[in-house]
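Student: First, the structure itself, so that you have it in front of you.
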Amino acid sequence: MRDLEPTDPRRIGGYRLLRRLAEGRTGRLYYAASLGGVPTALKVIGEEHAADADFRARFERDVSAARHVAARWLITVSAADTAGATSWAAFPFVAGPPLDGTVAAHGPLPSRSVRVLGARLAEALQAVHGAGLTHRDVRPGHVLLTPDGPWLTGFGGSGTLAGPPGFVSPEQALGDADRTGPPSDIFSLGCVLAYAATGRSPFGKGAEADLLLRALHEPPDLADVPRGLLEVVRACLEHDPLPRPTAADLRAELAVDDVPGWLPGPVALEVAERCAAPLPVPDPHMPPPAEENGPGAPQGPAARRSLGRRGVLLLGGTGALAAAAGLGVWRIVHPSSHEAVAEEGAQVTLALHADLTGPYAGLGRGQLRGVSMAVDELRTMGNLPFRLALRHVDDRGDPGLATELAAELAADPTVMAVIGPTADAIAPLVAGIYAEAGVPLLALSVGSVEPRDGFGTLLHARPSTGHSSLAIPVHLAETVEARRVGLVDDRGADLYSARTTRAVSGTIDRELIDLLPRVLPAGTEDFGPVAAEFVAAGVDAVVYGGFARGAGRLARALADEGFDGTGIATQEAMGPDFFAEAGDAGNGWWFIATYTDPVADDSARGFASVHRQRYGDAAEPYAAEAYDLARLTVEGMRGVVEGGDALGRGGLLDRLRSSRYRGVARELAFDQAGDYAGAGPMAYLYEASSGSARFRGPAPFPS
């Protein structure tokens, strides 16, 4: 990093620029911080390219396309302005050094390191290609090394310019746009792998024209590529695009079992030091960023008119918000129907209906914090064509109070949508009230609402209890490798347990697993008899469908009988009561949950960092999911307005039903019935250890 120079802007698009990082072919890269303090790499397009209408059009297409792709090991655009006086794109900041600098300093990497490098980069490209897109700029300078693995950057911010000579495919060298697709990225990846393994490009050094000619007419020089890598690198560098392997082929071919310690000692030490080094922080006395940027940026009314014309993309983590409308002010009018519609004049409101102080307060607080973060961010940086307000109510888990509050929110004409409620028992009581008023109701922590008749505005923003429980049979078969399983339907958990155990019973492979289902009456306190029965029958796993206290008692009873197999339950069992009842017997139990842990989930760590800075502690369940859901909902409002319609509840509901949004936690989408229809993850795994549940990543799910 280098200090900023006097001519460098200090603020761009809500970001504070703190250091220079690099000079690129199309612009300059800065280290910056968002309003929430999130470290950011911000690329500012150079004046020459920014003045080129064709380049700007390509840049806008690249940025727009990149918002649809999210993958591990892929760094993609997190925010951008493609039409303003200054064009820029922001990326999550990774502190690790680039591959080219590392190889220049330390020499070629060993074969095992190159295999990990190739497998991880292929995984990133697999996501890009799966979305029908091409990276077009895979090169050593766009590969950042971290202790966990390599990250591929440069996607969505190149204006579709091909990578540098020595790392471009023959079809790119010819400028053949019709043939430049995913195989071109594979060719470039082959060049990167050869470079990592040998310290040089397979087409040598020299003038750009010479390197392009060699790629077109000469075979690559692979003389010193290690034997174990030679075949796969040679396949990537086929002159004809058709025989080249796919990203999925490479990921499978290069996969290695043991990734920790993937870099050789001296390189690993430097990478670890770079990643652990303190990052620059904004001057606390520096005023908040203005909407416009840099020396010479327009001020006053002219600046506001410029802001109204420009297109902005805002992304939370890996998700995206597309904005392209003029800045407007809205008011609420009352048409003859019951629906409130927003027109020029005043604010619109996003409401949260939650349990904030009752039995599900932890889930409610998590959602309040996530929604608040999203709304504050959008009000500050979103360039919204309306004034956005947030209103939240606390039903304390009380049914009577919940219906009163629902009626109050439904009668507020500024309320365009409601996120909530928190608990399953409250949902059917309030869903009809919101439906009658035409208010879109986006349920997040609610497991299931059955039947759905009369709840036409209800959208379920997570997989249902029954659907997420489908991960349990897969976990049993693939991870636990169970052969005999005890299944406990605890009627004390009523429909929740029934839905969970029904999903397991209906989908488990009876040819591979012998299932012993048992039903316990409501009020069962002694789990000794069923535990003894399971141990006598030789079960190697037990699935429990009920709540935390019962799960803890079952775990203790099984341990007392000498059970040494695996216990599995759901998120409703993953609470303090489980650990209080189970004690050490709870260690090793698995839980299936529909919320992520942002601190441990790589895709949500940026959210976790900002959350901790704002609230001083780790995010509670559903905080990240609520952040995503709020952004999706506001983007739906924006979409209605930018489509030329007045913002109303009915139009917003239609827009939300047809939306697809990749958030920091999972993809959000709905079917026409309002059920969750996104690509997931459908569930997450947690494992009990030493009195707490530890995040283990997405749960396996039936294909």
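Student: Just wondering, is there one or more residues in region 256-278 that are assigned to a helix (DSSP H, G or I), in contact (Cβ under 8 Å) with a residue 24 or more places away in the chain, under 23 Å from residue 182 (Cα atoms) and assigned by TED's automatic domain parsing to the domain that holds residue 180?
Tutor: no
Student: Please state which one of 28, 72 is more than 24 Å from the chain's Cα centre (by Cα) and either outside the structural domain of residue 663 (by TED's automatic domain parsing) or not in a strand (DSSP E or B) (or both). Full working, then the answer.
Tutor: Values: 72 fails: more than 24 Å from the chain's Cα centre (by Cα).
None of the others qualify; the one that does is 28.
Student: Could I ask something else about it? Given 112, 61, which one is surrounded by fewer than 20 Cβ atoms within 10 Å (Cβ to Cβ), modelled with pLDDT of 85 or more and either basic (Lys, Arg) or in the same structural domain as residue 16 (by TED's automatic domain parsing) (or both)? Reasoning before the result, please.
Tutor: Details: 61 fails: modelled with pLDDT of 85 or more.
Within the list 112, 61, the selection yields 112.
Student: Being more than 23 Å from residue 466 (Cβ to Cβ), surrounded by fewer than 16 Cβ atoms within 10 Å (Cβ to Cβ) and in the same structural domain as residue 379 (by TED's automatic domain parsing) is the requirement here; does residue 690 meet it? Steps first, answer last, please.
Tutor: Working: more than 23 Å from residue 466 (Cβ to Cβ): yes; surrounded by fewer than 16 Cβ atoms within 10 Å (Cβ to Cβ): yes; in the same structural domain as residue 379 (by TED's automatic domain parsing): no.
The answer is no for residue 690.
Student: Considering each of 89, 41, 33 in turn, give the residue that is touching a residue at least 12 places away in the same chain (Cβ under 8 Å), crowded, with 16+ Cβ neighbours inside 10 Å and touching a Gly at 6+ places or on another chain (Cβ under 9 Å). So that I can check it myself, show each step before the final result.
Tutor: Values: 41 fails: touching a Gly at 6+ places or on another chain (Cβ under 9 Å); 33 fails: touching a Gly at 6+ places or on another chain (Cβ under 9 Å).
Testing whether each residue is touching a residue at least 12 places away in the same chain (Cβ under 8 Å), crowded, with 16+ Cβ neighbours inside 10 Å and touching a Gly at 6+ places or on another chain (Cβ under 9 Å) leaves just 89.
Student: What number of residues within region 626-658 are of a type in the set (Ser, Thr, Tyr) and either assigned to a helix (DSSP H, G or I) or touching a residue at least 60 places away in the same chain (Cβ under 8 Å) (or both)? Full working, then the answer.
Tutor: Let us first name the residues in region 626-658 that are of a type in the set (Ser, Thr, Tyr), namely 627, 633, 658.
Now restrict to residues that are either assigned to a helix (DSSP H, G or I) or touching a residue at least 60 places away in the same chain (Cβ under 8 Å) (or both): 627, 633.
Number satisfying all stated conditions: 2.
Student: Among the residues of region 182-201, how many are more than 14 Å from residue 103 (Cβ to Cβ) and free of Cβ contacts under 8 Å to residues at least 60 places away in the same chain?
Tutor: Restricting attention to region 182-201, the residues satisfying the condition of being more than 14 Å from residue 103 (Cβ to Cβ) are 182-190.
If we keep only those that are free of Cβ contacts under 8 Å to residues at least 60 places away in the same chain too, we end up with 184, 187-188, 190.
Looking only at that region, the number is 4.
Here is a yes/no grid of residues against (1) in contact with a strand residue (DSSP E or B) (Cβ under 6 Å, 6 or more places away or on another chain); (2) buried (at least 24 other Cβ atoms within 10 Å of the Cβ):
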site	(1), (2)
566	yes, no
569	yes, yes
577	no, no
583	no, no
594	no, yes
598	no, yes
615	no, no
630	no, yes
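Student: Can I ask one more? Going residue by residue through region 632-641, is there one that turns out to be touching a Leu at 6+ places or on another chain (Cβ under 6 Å), farther than 30 Å from residue 588 by Cβ, outside the structural domain of residue 568 (by TED's automatic domain parsing) and of a type in the set (Asp, Glu)?
Tutor: Taking every residue of region 632-641 in turn, at least one turns out to be touching a Leu at 6+ places or on another chain (Cβ under 6 Å), farther than 30 Å from residue 588 by Cβ, outside the structural domain of residue 568 (by TED's automatic domain parsing) and of a type in the set (Asp, Glu).
Student: Turning to a different aspect of this structure: Against the condition touching an Asp or Glu at 6+ places or on another chain (Cβ under 8 Å), surrounded by fewer than 19 Cβ atoms within 10 Å (Cβ to Cβ) and either on the phi < 0 side of the Ramachandran plot or not assigned by TED's automatic domain parsing to the domain that holds residue 232 (or both), how does residue 106 come out, does it pass? Talk me through it step by step, then tell me what you get.
Tutor: Working: touching an Asp or Glu at 6+ places or on another chain (Cβ under 8 Å): yes; surrounded by fewer than 19 Cβ atoms within 10 Å (Cβ to Cβ): yes; either on the phi < 0 side of the Ramachandran plot or not assigned by TED's automatic domain parsing to the domain that holds residue 232 (or both): yes.
Considered against the rule, which asks whether it is touching an Asp or Glu at 6+ places or on another chain (Cβ under 8 Å), surrounded by fewer than 19 Cβ atoms within 10 Å (Cβ to Cβ) and either on the phi < 0 side of the Ramachandran plot or not assigned by TED's automatic domain parsing to the domain that holds residue 232 (or both), residue 106 comes out as yes.
Student: Right, something else. Does residue 597 count as within 22 Å of residue 354 (Cα to Cα), at pLDDT below 90, in a loop (DSSP other than H, G, I, E, B) and not aromatic (Phe, Trp, Tyr)? Quick ask: steps written out before the conclusion?
Tutor: Values: within 22 Å of residue 354 (Cα to Cα): yes; at pLDDT below 90: no; in a loop (DSSP other than H, G, I, E, B): yes; not aromatic (Phe, Trp, Tyr): yes.
Answer is no for this residue.
The values are calculated or read from the model by the stated rules, or taken from the named source; none is laboratory data. Just so it is clear, the structure is predicted and the values come from calculations on it, not from any experiment. With ideal geometry, Cβ positions are generated from the backbone for all residues, glycine too; neighbour counts draw on all protein chains shown.
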